[in-house]
Amino acid sequence: MIAFPKLTEQELLDRIRIPSEGKLNIFLDTDTYNEIDDQFAILYAMLSPERLCLKGISAALFFNDRSASPADGMEKSYREILKIMDFLGKDPEGFVFRGCTEPLADEEVPRESLACDAIIAEAMKASETDPLYVVGIGACTNIASAILKAPEIIRRITVVWLGGTPLTGPITRSLIYLKILWPAKCCSTAVFR
């Protein structure tokens, strides 16, 4: 059994209070090819340096009529992110990462990916008083895997997740496992608390 750090109710409340001043360190986890809104989110994050310090972008998996498999959905999202980086003239090396290719199979075993490792690396640079905001706008497999692989990052991150998913199917398992792993920080609509 994985031992996850416990946060007090006050710590949880403090985490979801967005500071009114200064830059927020964010890491964006996105299924960019799935729908058009993710491209706007990337552009907004990249073009708001006065408020946001974007530390990295990872491709999240998806599986629907736009992809042949979860792995195909992730790869299409990765390529879409690269197109945006090219459009903006931004070098993607060390900044854009491929994500997990399969949903979580259970609540104890993370999926391995460069995205998972990048989230952990950026989280370890953060602190409890200046956390990394991990913004998920797709399947939360990369985020859940990072937490499973390095539970100590819980004290250094605030997860903001926006997504909708059917109540059944393999992609849903990642969200369910994230709720099991981190129930005190999770609500299924927008913000982990």
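In order along the stretch 70-78, the Karplus-derived 3J(HN,Hα) couplings, from 6.51 cos²θ - 1.76 cosθ + 1.60 at θ = phi - 60°, round to x, 5, 5, x, 5, 5, 5, 5, 4 Hz, and Gly and Pro are given as x. Placing a pseudo-label 7 Å from each Cα along the Cα-to-Cβ vector at Leu88 and Tyr44 gives an inter-label distance of 1.3 nm.
If R₀ is 25 angstrom, what is the calculated FRET efficiency for the pair Arg51 and Lys6, using the beta carbon separation as r and rounding to 0.05? Could you put the intermediate results ahead of the total?
Details: r = 31 Å, r/R0 = 1.24.
E between Arg51 and Lys6, to the nearest 0.05, is 0.20.
Lys-Lys pairs in the stretch 1-131 that are eight or more residues apart or on separate chains and whose Cα atoms lie under 30 Å of each other come to 15. Anisotropy class assigned to the stretch 1-145 is oblate, per the alpha carbon gyration tensor with a/c at or over the 1.5 cut-off and a/b no larger than b/c.
All of the numbers you see were taken from the coordinates with simple rules; none came from a lab. A quick note: this is a predicted structure, and the numbers were derived from the prediction, not measured. All Cβ positions, even for glycine, are placed from backbone atoms using ideal geometry, and neighbour counts span all protein chains on display.
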